[in-house]
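Note sheet for the following structure.
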Amino acid sequence: MKVEIWSDVVCPWCYIGKRRFEDALSKFEGADDVEVEWRSFELDPNAPRELEGKLDEILAKKYRATPQQARAMMQRVVDASKQEGIDVDFDIARSGNTLDAHRLIHFAATKGLADAMKERLMRGYFCEGLLPSDREALVRLGVEVGLEEAEVNEALSGDAYTQDVRADEVAARQLGVTGVPFFVIDGKYGVSGAQPADVLLQVLEQSHREASEALASDAAACGVDGCEVP
């Protein structure tokens, strides 16, 4: 079973959704057969290297809200994050362009470290004040999860994996994805938003049952050596 997850490293509900998916996966009997592919989605592809101002001011401007309303939104996210064991600190958050972070995840995927890289980048942004466009910080985090420093530097120095990021975003548009996280299970089920773990578990189990039924119902077929006669 393949699960594709579109998300951004500066999306708080994506981090919460990651935790809830992990919770669902821990309760899923077929977890060992699940392949997870992290797909790129930039909430603001045109963002500068670093957005100026405090996060509540940035959010207030983006959503045409007052700073008080923006802070209330942030507090709801903080409360929801705590329930998933995440200590979000918006006071130190530094937001900016996330293209390089997504490129780094694609590179990490070639080494089997995409999930570890995704987790480290999210923790860095939400809990440690990491600027997602800080090349030096990205290299450091890449090394922390097991990547070679020279290879990370090489991957980020040019435009490697940019096309992979753009391909993910094209695929998202074709699916009609307008918000993240967005989960696609076995290319059949789409789940939008940071749904509760129980909901995600139900979708995993439903997809697994259908796949098992399809295998069990195999009947006469034709192959390279001819056709079976029932």
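The values are calculated or read from the model by the stated rules, or taken from the named source; none is laboratory data. All values derive from a computational prediction rather than experimental measurement. FYI the Cβ positions are ideal-geometry reconstructions off the backbone, even for glycines, and counts take in every protein chain you see.
What number goes with the only condition from (1) farther than 30 Å from Ala160 by Cβ; (2) crowded, with 19+ Cβ neighbours inside 10 Å; (3) at pLDDT below 95; (4) of a type outside the set (D, E, K, R) that Val88 does not pass?
Single failed check for Val88: (3).
Please count how many residues of region 51-92 are closer than 15 Å to Gly124 by Cβ and not in a helix (DSSP H, G or I).
Going through region 51-92 one residue at a time, the tally reaches 4.
Please verify whether region 20-42 includes one or more residues that are under 24 Å from Glu169 (Cβ atoms), loosely packed, with under 13 Cβ neighbours inside 10 Å and touching a residue at least 12 places away in the same chain (Cβ under 8 Å).
Looking through region 20-42, at least one residue is under 24 Å from Glu169 (Cβ atoms), loosely packed, with under 13 Cβ neighbours inside 10 Å and touching a residue at least 12 places away in the same chain (Cβ under 8 Å).
So that you can scan it fast, the table gives a plain yes or no per residue for (1) under 21 Å from Ser133 (Cβ atoms); (2) touching a residue at least 40 places away in the same chain (Cβ under 8 Å):
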position	(1), (2)
Thr162	yes, yes
Val170	no, no
Gln174	no, no
Val177	no, yes
Phe183	no, yes
Asp186	no, yes
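Just for region 185-230: of the residues that are modelled with pLDDT of 90 or more and of a type in the set (Gly, Ala, Ser), which one is farthest from the chain's Cα centre (by Cα)?
The qualifying residue farthest from the chain's Cα centre (by Cα) is Ser207.
When you check Arg39 against the structure, is it closer than 24 Å to Met74 by Cβ and either in contact with a helix residue (DSSP H, G or I) (Cβ under 9 Å, 6 or more places away or on another chain) or part of a helix (DSSP H, G or I) (or both), yes or no? Before you say what the answer is, go through the steps one by one.
Working: closer than 24 Å to Met74 by Cβ: no; either in contact with a helix residue (DSSP H, G or I) (Cβ under 9 Å, 6 or more places away or on another chain) or part of a helix (DSSP H, G or I) (or both): yes.
Against the criterion (closer than 24 Å to Met74 by Cβ and either in contact with a helix residue (DSSP H, G or I) (Cβ under 9 Å, 6 or more places away or on another chain) or part of a helix (DSSP H, G or I) (or both)), Arg39 does not qualify.
Can you pull out the residues in region 70-85 that are touching an Asp or Glu at 6+ places or on another chain (Cβ under 9 Å) and either of a type outside the set (Gly, Ala, Ser) or exposed (fewer than 12 other Cβ atoms within 10 Å of the Cβ) (or both)? Walk me through how you get there before you give the answer.
Step one: list which residues in region 70-85 are touching an Asp or Glu at 6+ places or on another chain (Cβ under 9 Å), which gives 70-71, 73-74, 78, 81, 84.
Arg71, Met73, Met74, Val78, Glu84 - these are the residues of region 70-85 that are touching an Asp or Glu at 6+ places or on another chain (Cβ under 9 Å) and either of a type outside the set (Gly, Ala, Ser) or exposed (fewer than 12 other Cβ atoms within 10 Å of the Cβ) (or both).
Yes/no matrix, rows are residues, columns are (1) surrounded by 15 or more Cβ atoms within 10 Å (Cβ to Cβ); (2) assigned to a strand (DSSP E or B); (3) more than 18 Å from the chain's Cα centre (by Cα):
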{"site": "Arg94", "(1), (2), (3)": "yes, no, yes"}
{"site": "Ala101", "(1), (2), (3)": "yes, no, no"}
{"site": "His106", "(1), (2), (3)": "yes, no, no"}
{"site": "Gly112", "(1), (2), (3)": "no, no, no"}
{"site": "Pro132", "(1), (2), (3)": "yes, no, no"}
{"site": "Gly146", "(1), (2), (3)": "no, no, yes"}
{"site": "Glu154", "(1), (2), (3)": "no, no, yes"}
{"site": "Val170", "(1), (2), (3)": "no, no, no"}
{"site": "Thr178", "(1), (2), (3)": "no, no, no"}
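Taking the stated definitions as given, is Ala160 farther than 30 Å from Asp79 by Cβ and either assigned to a loop (DSSP other than H, G, I, E, B) or among the aromatic types (Phe, Trp, Tyr) (or both)? Write out each step before concluding.
Values: farther than 30 Å from Asp79 by Cβ: yes; either assigned to a loop (DSSP other than H, G, I, E, B) or among the aromatic types (Phe, Trp, Tyr) (or both): yes.
Taking the combined requirement at face value, the residue satisfies it.
Of everything in region 138-160, what is without any contact (Cβ under 8 Å) to a residue 40 or more places away in the chain and touching a Gly at 6+ places or on another chain (Cβ under 7 Å)? Give them in sequence order.
Matches in region 138-160: Leu141 only.
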